[in-house]
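Quick notes on the structure that follows.
Readers should treat all values here as calculations from the given coordinates under stated rules, not as data from a laboratory. Predicted, not measured: the structure shown is a model, and the values here were computed from it. For neighbour counting, all protein chains shown are included, and Cβ atoms are generated from backbone atoms with ideal geometry for every residue, glycine included.
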Number of protein chains: 4
Amino acid sequence: MPGQPAPHHPQSARPVAGGVIPPVCTPLTPDRELDLASLERLCGFLLDAGVAGLFVGGSTGETAYLTDDRRARVLSAVVGLVAGQVPVVAGTIDLTTERVLGHARTAARLGADALVATAPFYAPTHPAEIAVHFRSVREAVDLPLLAYDIPSAVHTKLPTGLVAELAADGVLAGLKDSSGDVDGFRAACGATALVPGFVAFTGSETHADLALLAGGAGIVPGLGNVDPHGYVRLYDAARRGDWAAATAEQERLRALFGMIDAGDPARMGRYSAAIGAFKAALVHRGVIASGTTSRPMIGLNDTENAAVLGHLERAGLC
Amino acid sequence: MPGQPAPHHPQSARPVAGGVIPPVCTPLTPDRELDLASLERLCGFLLDAGVAGLFVGGSTGETAYLTDDRRARVLSAVVGLVAGQVPVVAGTIDLTTERVLGHARTAARLGADALVATAPFYAPTHPAEIAVHFRSVREAVDLPLLAYDIPSAVHTKLPTGLVAELAADGVLAGLKDSSGDVDGFRAACGATALVPGFVAFTGSETHADLALLAGGAGIVPGLGNVDPHGYVRLYDAARRGDWAAATAEQERLRALFGMIDAGDPARMGRYSAAIGAFKAALVHRGVIASGTTSRPMIGLNDTENAAVLGHLERAGLC
Amino acid sequence: MPGQPAPHHPQSARPVAGGVIPPVCTPLTPDRELDLASLERLCGFLLDAGVAGLFVGGSTGETAYLTDDRRARVLSAVVGLVAGQVPVVAGTIDLTTERVLGHARTAARLGADALVATAPFYAPTHPAEIAVHFRSVREAVDLPLLAYDIPSAVHTKLPTGLVAELAADGVLAGLKDSSGDVDGFRAACGATALVPGFVAFTGSETHADLALLAGGAGIVPGLGNVDPHGYVRLYDAARRGDWAAATAEQERLRALFGMIDAGDPARMGRYSAAIGAFKAALVHRGVIASGTTSRPMIGLNDTENAAVLGHLERAGLC
Amino acid sequence: MPGQPAPHHPQSARPVAGGVIPPVCTPLTPDRELDLASLERLCGFLLDAGVAGLFVGGSTGETAYLTDDRRARVLSAVVGLVAGQVPVVAGTIDLTTERVLGHARTAARLGADALVATAPFYAPTHPAEIAVHFRSVREAVDLPLLAYDIPSAVHTKLPTGLVAELAADGVLAGLKDSSGDVDGFRAACGATALVPGFVAFTGSETHADLALLAGGAGIVPGLGNVDPHGYVRLYDAARRGDWAAATAEQERLRALFGMIDAGDPARMGRYSAAIGAFKAALVHRGVIASGTTSRPMIGLNDTENAAVLGHLERAGLC
């Protein structure tokens, strides 16, 4: 967009480019306190695998389940642990603009390198209102802003035209697409291809290879907590154009992702099953201490835990 | 449920019985500050009309758009203004249990007489998780708890069996059903008919008469901010079995409710249009000072405001 | 609509006014042949109960499962059995206009008194296309045409404005609303109130009383096959303004309708369960010979059949 | 499935392997008669481009809009025109089993090489009922049977497990997936990978490259009527592992597919717009004589037709 001033990035903020940026799990103790020692081990595990950044405050981090105070403590801890090695991207999940702004200001103060915000939810929201929302956040807090497209949670699909408009205007620096709609993701990649520095991430665990072939810059996979090395291999293969290798790695990870079906759907929701499986796997791998999840989520039982272990074994991870 | 201890209600809490309990609008100044003078006039207007209680912190109150601090200020103001004349019911809209608990504790401290909570939202939630959620709130805060069934916002329909179970167990003291599903409401009324004191409210502006015929105890109509006298007349007619009068009043109110279509759907969402219309009507009626709504909602323009006025005139309200 | 010619009705067609018009089940032999003896007994049972008409070719009649030839045989048989005592309304369920026209022409030839057609389905359809569809059917076949609003099957909700426009233009003579949306039904009743002779039927088994209070002219209840006397009592009570009696009858019928949950949802669809229950009940009541349903529907087993019988016993029907 | 007899294919039926199999448009004259001369030119155009087969009776062929007689005439004509050069796959779109069987028997009689059937629609259908449906069709008509997964039309997503089970049992010989769900397609490819001869086709115009990378055997693109050469190039590039070329071709075809937005959504449905655009493009390319579509579809106007032409020009097609 000629004549448009380049968006200002704070001096200290590390730029978010492509690559694998896992949405970090939030380890809890069995009595549901924050387990900072496990969080430290998890961050180290992810950094050692070669991830390109960490996303704190995403859906996988149980952010919807955390009080404002706990959200801040997690972000502060991760910023400290990462110590500038990679950018830390902070989620600001909340219902509407003023509430998101509160999280965004806290994130900036705590040293996040970029923000992620969804469309408003609860009340049905018009694209014009979503535009006001993102513009308000971008104007109020001087950090690159990524749009989080997650219709399963916020029940709005971000229109491609809106993403493109906000990207061209310097409001959005990127997209995290957890919609599962690979055509829409591809359209967003195409519509933002000429915006310098714009990065489109897929949130898909299961078609990351396809999303990269379709033009994506990176991956934000919840399963990346469990097998960051696998996603880094997948990403590297795709970057060098070795689609056979990327696809083979993706197939292995697809099988591993089957762990989210370990939890019995007759007694828990899909989210309890998925987060429970990731945490159980991280316990099995010796990364975190407890698989405890937030209230009112239902925990995995022994049988379900064993099923998760079986997935790890078949994937060669323990 | 024989042998079950009666749920404890704090000495000071006024019981929530049937009748009309409007979800109170939150008046804002043109620069989006809280307008306490208008709030005072609005509460007086509603009390004068003979409402049976006030619901603060509902969807109509723009609660999803308010920071925690502002929510508390509104509730505190209303409790003070009402001064015990009728019960004040406090909404606790938030994503999940710990966050709802924060609002619930604040509401109890500020003197609310009862709480209203939705199912968790954002992540998909299993009925067993919803049960844990409501039980957790009820156990933590000693106020009667009403379940708020609003699938359009939280994307879960509360199962009738779950409502009945939680009612029988003394967890739920009532239901506020904004689902629009009159069969489901009727089923919930039937399934809780033997639970002493349980009250089922419909949130419908447009079939309140039918909901009362189907067994409802009361009405929580957003439009009740604009025409509380009409809803009180409707309720009173239904209570004395004069269904012809109740239906005639309902038909008049249905026409009045057409004001929510004044806002152009090409430029705003349904929620902006509805809340904008209610506030515009309250300005026209001289109750509040400004029709301003919260960010990122879109405001009505002059043409749309005039259309709202036309609805008031046709309904004989100005 | 002043100056508009009154819609022409063929001399021989009996007018469809209000009242109870059951959608007639299609009895099959155990080897899935048409059981005309049972059909004769069923029609007699319904006529004896005082129904105001019979609807052949509706969803309850398994019409979607019948070949064109079988549909015609059923309609022909019913027209003969009824012998002009009440109007026979013929469904024309099919994908799009030309196919519906085929059924409509057959129905006219076989002596039906009115037609029922849904919006086109399979491909997503615009209201302007739905309008062309209904206008095409009305122009081609000279019988009163009722619109069948059944979004659960055709995945389109008929817009109220469209129904009103087609009613005013003499294209539609009535509405059969199986949407479950009582507000929409009420709006349609209101929007057609000034069209002479227009009749709005609810297809709801469970809120027929409310639909009549909201302005409906009649009821087309699948459960009316099983208990036509109950629905006729409900309708008569409503017509004389005895809403307490109407509601009491409705509550009894709501409990009876619980029979549709007898079929195990783990092994059959909701439609198999509902039609299977109605037919099982008709066998228990001695009206038809076999509960067999069409391929690929799953039949009720002995346990499920016994559960249906329990519902009949509790409702005082055997 | 060891010990399972291989599914019998009639001697004369040409096997359906991978490749591009366009769903053939049905050309109509301006007065909506079948235009056999245009159909002949269209088939020639497609065969010359190197397609691997022709799919007659698909959604793109307006099959839902055709009477039984016209469906048969189209299929008969195409079988004659193709004269065994490639397999002709016949759609059997209809509501339920008996009706589908009628089309299947006709198709076999007319010389089709394989059948395509959807799940039953209209009534909600359980997987167990869908299984009975496909098994009934396969048993009754001795032609290879492909399942057509098109939730936008039939409102059921075929479960992967069901597809796998029916493939292993020799009931299904293939899948045509128009769900848009690339993860589901990939899962189906994986779950049937060991079934000899099973072919999984994507119906996507816009992510055919991704579907082939994910394991697909071929493409059934509606847009393949307009640019069969492009899809053949895309397929060939993918087969030789040249994903850069496949993706470049796909990007060109994605832009071309923008033609389906030429029709104004304020005055027509998406289906009218899509089929109207394909036919308009075929007229512009000199393949068929008229862009007329079936009743009650809305036709493109001059402006919209010009927009289609613009898409062809930008894609280098005229």
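For residue A:176, the residues whose modelled amide H falls within less than 5 Å of its own, excluding neighbours fewer than 5 places apart on the same chain, are A:147, A:148, A:149, A:201. When chain D is treated as a GNM with alpha-carbon contacts under 10 Å, the residue of D:222, D:170, D:84 showing the greatest mean-square fluctuation is D:84. Taking the helices alone, the protein assembly as shown has a mean residue ellipticity at 222 nm of -13500 deg cm²/dmol, built from -39,500 (n - 2.57) per DSSP H run of at least 4 residues and averaged over all its residues. Counting Lys and Arg as +1 and Asp and Glu as -1 over every other residue whose Cβ lies under 15 Å from the Cβ of residue A:34, the net charge comes to -1. Can you pull the Kirkwood radius for the protein assembly as shown, inverse mean 1/r over Cα pairs, to one decimal in Å? Computed over the protein assembly as shown, the radius equals 32.7 Å. For region A:112-126, putting each phi into the Karplus relation 6.51 cos²θ - 1.76 cosθ + 1.60 with θ = phi - 60° gives couplings of 5, 9, 7, 10, 10, 9, 8, 4, x, 9, 6, 7, x, 10, 7 Hz, in residue order, rounded to whole numbers and with x for Gly and Pro.
Between the Cα long axis of helix A:68-82 and the first principal axis of chain A there is an angle of about 90°, rounded to the nearest 10. Taking the charge dipole of chain D about its Cα centre, with +1 at Lys and Arg Cβ atoms and -1 at Asp and Glu Cβ atoms, the residue from D:211, D:256, D:30 reaching farthest to the positive side is D:30.
If you take every residue apart from residue A:220 with its C-beta less than 11 Å away from the C-beta of residue A:220, what net charge results, scoring Lys and Arg +1 and Asp and Glu -1? That works out to -1. For peptide D:295-301, the mean count of partner chain Cβ atoms within 10 Å of a residue's Cβ comes to 6. Summarising the strand pairing of the protein assembly as shown, around 5 percent of its internal DSSP beta bridges are antiparallel. In chain A, a dipole from Cβ-located charges (positive for Lys and Arg, negative for Asp and Glu) runs towards its positive end, and of A:12, A:222, A:247 it is A:12 whose Cα lies farthest in that direction. Relative to the longest principal Cα axis of chain A, at what angle does helix A:97-110 sit, 0 to 90 degrees, rounded to 10? Result, in degrees: 80. Counting every other Cβ atom within 10 Å of each residue's Cβ, C:74, C:287, C:56 order from fewest to most as C:287, C:74, C:56.
The residue list B:92, B:130, B:173 was ranked by how far each Cα lies along the charge dipole of region B:19-242 toward its positive end, using unit charges on Cβ atoms, and B:173 comes out on top.
When both region B:139-165 and region C:136-176 are represented by their alpha-carbon centers, they are found 38 Å apart. A cut-off of 5 Å between modelled amide H atoms, ignoring neighbours fewer than 5 places along the same chain, links residue D:116 with D:90, D:91, D:92, D:146. Shown for residue A:85: label points 7 Å from Cα along the beta-carbon vector, and their distances to the equivalent points in the other copies, 6.2, 6.4, 8.6 nm in ascending order.
Cα-based radius of gyration for region C:192-242, normalised by 2.2 N^0.38 Å, reads 1.12. The residues packed around residue D:296, meaning those with a beta-carbon under 10 Å from its beta-carbon, carry a net charge of 0 if Lys and Arg are +1 and Asp and Glu are -1. Per the rotation superposing chains C and D, the chain C residue found at the smallest beta carbon distance from the axis is C:155, 3, distance in Å. Per-residue 3J(HN,Hα) values for region D:235-243, derived from phi via the Karplus relation 6.51 cos²θ - 1.76 cosθ + 1.60 with θ = phi - 60°, read 4, 5, 4, 4, 5, 8, x, 8, 6 Hz in sequence order (x marks Gly and Pro). Could you tell me which of the pairs A:279/D:157; A:157/D:279; B:157/D:157; D:176/D:279; B:157/C:176; C:157/D:157 are separated by over 24 angstrom between their Cα atoms in the structure shown? Over 24 Å Cα-Cα: A:279/D:157; A:157/D:279; B:157/C:176.
For chain D, the longest principal axis of the C-alpha atoms and the axis of helix D:182-191 are separated by about 30°.
Considering only DSSP beta bridges where both residues belong to chain B, give the percentage that are antiparallel (nearest 5).
On the way: 1 of 24 bridges.
Among the beta bridges of chain B, antiparallel pairing accounts for roughly 5 percent.
What is the dipole size for region B:99-213, taken about its Cα centre, with +1 at each Lys and Arg Cβ and -1 at each Asp and Glu Cβ, in debye to the nearest 20?
Working: 8 positive and 12 negative charges, 73 e Å.
Roughly 340 debye, rounded to the nearest 20.
Note on B:110-121: average number of Cβ atoms from other chains within 10 Å of each residue's Cβ is 1. Comparing A:41, A:109, A:254 in a Gaussian network model of chain A, where Cα atoms under 10 Å apart are tied by springs, the biggest mean-square fluctuation is seen for A:109. Dipole check for the protein assembly as shown: with +1 at the C-beta of Lys and Arg, -1 at the C-beta of Asp and Glu, and the Cα centre as origin, the magnitude is about 0 Debye.
For chain D, modelled as a GNM whose springs connect Cα atoms under 10 angstrom apart, the maximal fluctuation among D:101, D:81, D:115 occurs at D:81.
Given +1 at the Cβ of Lys and Arg, -1 at the Cβ of Asp and Glu and no other charges, the dipole of region A:19-242 around its Cα centre is 220 debye to the nearest 20.
Rounded, prolate or oblate for region C:11-115? Axes are the square roots of the Cα gyration tensor eigenvalues, ordered a ≥ b ≥ c, and the cut-off for rounded is a/c under 1.5. Judged from the Cα gyration tensor, region C:11-115 comes out oblate (a/c at least 1.5, b/c at or above a/b).
Take residue C:251, move 7 Å from Cα toward the beta carbon, and the resulting point lies 2.8, 6.3, 6.9 nm from the same point in each other copy, nearest first. Reported value for region A:136-257: 111 Å³ per residue, from the convex hull of its C-alpha atoms.
Its Cα gyration tensor gives chain D an equivalent ellipsoid, and the semi-axes of that ellipsoid, as √(5λ) in whole Å with the largest first, are 29, 22, 18. Peptide D:19-31 has a mean shielding of 0, counted as Cβ atoms of other protein chains within 10 Å of each residue's Cβ. For residue C:17, inter-copy separations between label points set 7 Å beyond Cα along the Cβ vector come to 4.5, 7.2, 8.2 nm, shortest first.
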